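To keep things clear, I will list the structure first and then write my remarks on it.
Each value in this text was obtained by applying a stated rule to the coordinates, not by laboratory testing. It should be emphasised that the depicted structure is a prediction, and the values quoted were computed from it without experimental measurement. Neighbour counts run over all protein chains shown; Cβ positions are idealised from the backbone, glycine included.
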Amino acid sequence: MVELNPTLRLRRSSRIIVLDPQPRALMFRFDIAGRQPFWATAGGECDPGESFEDAARRELFEETGIKADPGCQIARTTPEFVTPEGEPVQADERYFIIRVNETQIDTTRHTALEQQVMTEHRWFALGELSSWHETLFPENLARMIERHAQ
């Protein structure tokens, strides 16, 4: 059973691991003033009343232009972190894997905040995920993919 911090707002979110045929994983670089840059999968906070699956579908389209069914949840993490807006939160993150044939990403639907902090994206070879020189989230992404991307 997961212990959640009751003193922090619970931030429900869906994260999408997007894999191309090679397979490589799509990651977005976040540059937030006063913090070290980091990379994360596509995804974001669920809207009020929105299911994790619906949020995964919506976030995938908004952040990448890809329309796809997220399939079944493959993992859950519950990190505590500070949002780009500066709010400390307790996350309840659900992970989904999407396979794509095309690697073209459309970021025209990014919000103003996403345009500011999500400064680039790239496809990571699976071997790079364990040895990249900047922080990647989730930290166990390579293991998640190995376990669930048969």
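Treating the beta-carbon of each Lys and Arg as +1 and of each Asp and Glu as -1, no other charges, what is the dipole magnitude of region 77-123 about its Cα centre, to the nearest 20 debye?
Working: 4 positive and 9 negative charges, 50 e Å.
Charge dipole of region 77-123: 240 debye, to the nearest 20.
Taking neighbour Cβ counts within 10 Å as the exposure measure, how do Trp132, Trp123 sort from fewest upward?
Numbers: Trp132 13, Trp123 16.
Least to most surrounded, the residues fall as Trp132, Trp123.
DSSP loop GluC sites (Glu not before Pro) in region 17-103 with at most 11 other Cβ atoms within 10 Å of their Cβ, which ones? Write down the numbers at each step before the final one.
Working: sites: Glu45, Glu50, Glu53, Glu59, Glu62, Glu63, Glu80, Glu85, Glu93, Glu102; in loops: Glu50, Glu85, Glu102.
Counting only loop positions with at most 11 other Cβ atoms within 10 Å, the GluC sites (Glu not before Pro) in region 17-103 are Glu85, Glu102.
Taking neighbour counts of Cβ atoms within 10 Å as a proxy for exposure, in what order, fewest first, do Glu134, Glu114 appear? Show your work: numbers first, answer last.
Working: Glu134 11, Glu114 16.
Lowest count first: Glu134, Glu114.
How far apart, in nm, are the 7 Å Cα→Cβ label points at Ile74 and Gln116?
3.3
The list (i) 0.93; (ii) 0.96; (iii) 1.16 gives values of Rg/Rh (Cα atoms, Kirkwood Rh), and only one came from this structure; which label was calculated from it?
Of the labelled values, this structure produces (i).
Just to check I understand the Karplus step: with θ = phi - 60° and J = 6.51 cos²θ - 1.76 cosθ + 1.60, what whole-Hz values come out for region 80-89, glycine and proline as x?
9, 7, 10, 5, x, 7, x, 8, x, 9
For region 26-150, what relative contact order do you get, as a whole percent, if you take Cα pairs closer than 8 Å and at least 6 residues apart? Display every interim value, and only then the final one.
Values: 166 pairs, mean separation 38.9, N = 125.
Answer for region 26-150 is 31 percent.
Measure off 7 Å from each Cα along the Cα-to-Cβ vector at Gln104 and Ser131, then give the distance between these two points in nanometres to one decimal.
Between Gln104 and Ser131, the label points sit 3.3 nm apart.
Go through region 55-63 residue by residue and turn each phi into a ³J(HN,Hα) via Karplus (6.51, -1.76, 1.60, θ = phi - 60°); whole Hz please, and just put x for glycine and proline.
Here the 3J(HN,Hα) series is 5, 4, 4, 5, 4, 4, 5, 5, 8 Hz.
For an R0 of 41 angstrom, estimate the FRET efficiency from the Cβ-Cβ distance between Lys67 and Glu3 and round to the nearest 0.05.
Numbers: r = 36 Å, r/R0 = 0.89.
E between Lys67 and Glu3, to the nearest 0.05, is 0.65.
How much length, in nm to one decimal, is gained on full extension between Leu10 and Asp54, taken as 0.36 nm per residue of separation minus their Cα-Cα distance? Mind dumping the intermediate values first?
Working: separation 44, 0.36 × 44 = 15.84 nm, distance 1.81 nm.
The Leu10-Asp54 span can extend by a further 14.0 nm.
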